[in-house]
Amino acid sequence: MDYMHRHGTLRSRPQELAPGSVRVVSVRMDYWPGDAAPAESTLADPTLAYVSRYALGRDYHKVMRRALATLAEDMSKRIGPFGYRVCVDSAPVLEKALARNAGLGWIGKHTNLIGRDAGSWFFLGEILTDLPLPTDTPATAHCGTCQACMPACPTQAIIAPYRLDARRCIAYLTIEHKGSIPEEFRPTIGNRIYGCDDCQLVCPWNKFARMASHPDFKTRNHLDASRLTDLFRWSEGEFDERMRGSPIYRIGYERWMRNIAVALGNAPTTPEIIQCLESRREHPSPMVREHVAWALERHRQGAS
Ligand code: B12
Ligand code: SF4
Ligand code: SF4
């Protein structure tokens, strides 16, 4: 995530990103897929792959950017042309701080934004504009004495309330991190092959979360409850074909195989799992080979 450094002060000064901007229109878009198998049941079965709820459907960057562009066009039809720039997950924008100041919610102890009426299963996006729109009142915080997310984190990444050590977070380790996953974290990753939701699953405010209404967030490719062995058998061509249009496509086949190898190392020792891992022992990628060897060694030692 060296891009965070590179952007310097741009992160706190959106007007440098889109010259002339004086306001940010901050928006939420719900992504919880109502059609998916319950998160808890997939997490509880170590032979299944757990994919973070936000990544079960199509890539939100495209979906949300399109929706924001439509919103900006609608606004210009009503009020005439104005200057704007649409952002979704753009590295140089502090999206949660902006959303809090726009009144959309508060930053919870797990460091995600929570809305009283929406929980936290939503994405954030912005329209930076030169329109001098009226401003909203920042949201107040409502974690209170609750700390449920902190002990729920499998890798103890929430090192203090409101403080995340990103290097420990499974979302970082399985999505952003390019190299070998540090061995100390592999057992605690469990069956989470892409991202992690545990800190949000325990958050009491998510009883107010809403289902995604956008059809692009419907579950694709049975990613809500696929068998690890089935996914590990995909060729690179199958990965490209099935994951095109998904946020998972961004990590590429090698990291995908690395992550599944770790989960297979944490799965119960069965002839099918051993055979599946053995079939990748000579994988062309040294990184995949190393994770496969680790997984096989775990089974040999009876650690799973
Ligand atoms: C880097 C990043 C990550 C990193 C680090 C996460 C983190 N908590 O910072 C990793 C890879 C670990 C990650 C994981 C996830 N991420 Co992420 N991530 C981002 C990204 C690109 C930047 C966040 C960032 O800048 N962090 C650095 C710290 C310093 O900033 P901050 O936490 O945003 O907030 C602090 C600052 O705002 C500061 N602050 C307040 N005012 C000011 C003023 C100034 C001048 C400054 C300097 C600072 C400051 O105080 C805040 C509290 O510490 C954002 C998109 C974006 N552009 O914002 C998405 C984003 C935060 N991620 C998102 C999601 C969905 C996730 C995951 C849930 C994905 C998953 N299921 O696997 C997990 C959640 C993990 C967790 N518990 O946070 C969503 C969150 C939506 C929400 N409801 O909050 C975002 C907003 C993407 C989006 N467009 O929707 N993510
Ligand atoms: S996403 Fe998972 S690993 Fe990251 S802080 Fe939340 S519970 Fe911990
Ligand atoms: S689980 Fe509790 S402490 Fe953590 S973010 Fe939710 S309300 Fe706040």
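The values are calculated or read from the model by the stated rules, or taken from the named source; none is laboratory data. In this text, all values refer to a predicted model and were calculated from it rather than measured experimentally. All Cβ positions, even for glycine, are placed from backbone atoms using ideal geometry, and neighbour counts span all protein chains on display. Note: areas computed on protein heavy atoms with side chains; ligands, DNA, RNA excluded. Shrake-Rupley method; radii C 1.70, N 1.55, O 1.52, S 1.80 Å.
If you go through the range 178-193 one residue at a time, do you hit one that is of a type in the set (A, V, I, L, M), modelled with pLDDT of 95 or more and in a loop (DSSP other than H, G, I, E, B)? Within the range 178-193, one or more residues are of a type in the set (A, V, I, L, M), modelled with pLDDT of 95 or more and in a loop (DSSP other than H, G, I, E, B).
Being on the phi < 0 side of the Ramachandran plot, more than 11 Å from ligand 2 (Cβ to nearest atom) and open to solvent by less than 30 Å² (accessible area, probe 1.4 Å) is true of residue 143.
None of 258, 250 is open to solvent by 10 Å² or more (accessible area, probe 1.4 Å), farther than 30 Å from residue 142 by Cα and in a helix (DSSP H, G or I) except 250.
Rundown of residues vs (1) more than 12 Å from ligand 3 (Cβ to nearest atom); (2) free of Cβ contacts under 8 Å to residues at least 24 places away in the same chain; (3) among the aromatic types (Phe, Trp, Tyr), yes/no style:
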| position | (1), (2), (3) |
| --- | --- |
| 149 | no, no, no |
| 153 | no, no, no |
| 156 | yes, yes, no |
| 159 | yes, yes, no |
| 166 | yes, no, no |
| 176 | yes, no, no |
| 179 | yes, no, no |
| 189 | yes, no, no |
| 193 | yes, no, no |
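Examine the range 181-199 for a residue that is farther than 26 Å from residue 109 by Cα and open to solvent by 50 Å² or more (accessible area, probe 1.4 Å), and state whether such a residue exists. Yes, the range 181-199 contains a residue that is farther than 26 Å from residue 109 by Cα and open to solvent by 50 Å² or more (accessible area, probe 1.4 Å).
When 296, 277 are checked against the criterion of being in contact with a Leu (Cβ under 9 Å, 6 or more places away or on another chain) and under 16 Å from residue 183 (Cα atoms), a single residue qualifies: 296.
Could you check, for the range 148-155, whether at least one of its residues is near ligand 1 (Cβ under 10 Å from one of its atoms), in contact with a Ser or Thr (Cβ under 6 Å, 6 or more places away or on another chain), over 22 Å from residue 208 (Cβ atoms) and of a type outside the set (S, T, N, Q)?
Checked against the condition, which is being near ligand 1 (Cβ under 10 Å from one of its atoms), in contact with a Ser or Thr (Cβ under 6 Å, 6 or more places away or on another chain), over 22 Å from residue 208 (Cβ atoms) and of a type outside the set (S, T, N, Q), the range 148-155 yields no hits at all.
The C-beta contact set for the range 80-97 (first residue within 16 Å of ligand 3 (Cβ to nearest atom), second residue of a type in the set (Val, Ile, Thr) and part of a strand (DSSP E or B), distance under 6 angstrom, 6+ apart or interchain) comprises 96/107.
Does the range 120-134 contain any residue that is open to solvent by less than 20 Å² (accessible area, probe 1.4 Å), part of a loop (DSSP other than H, G, I, E, B) and more than 23 Å from residue 170 (Cβ to Cβ)? Scanning the range 120-134, I find no residue that is open to solvent by less than 20 Å² (accessible area, probe 1.4 Å), part of a loop (DSSP other than H, G, I, E, B) and more than 23 Å from residue 170 (Cβ to Cβ), so the answer is no. Among the residues of the range 162-177, those that are open to solvent by less than 50 Å² (accessible area, probe 1.4 Å), more than 7 Å from ligand 2 (Cβ to nearest atom) and part of a loop (DSSP other than H, G, I, E, B) comprise 165, 177.
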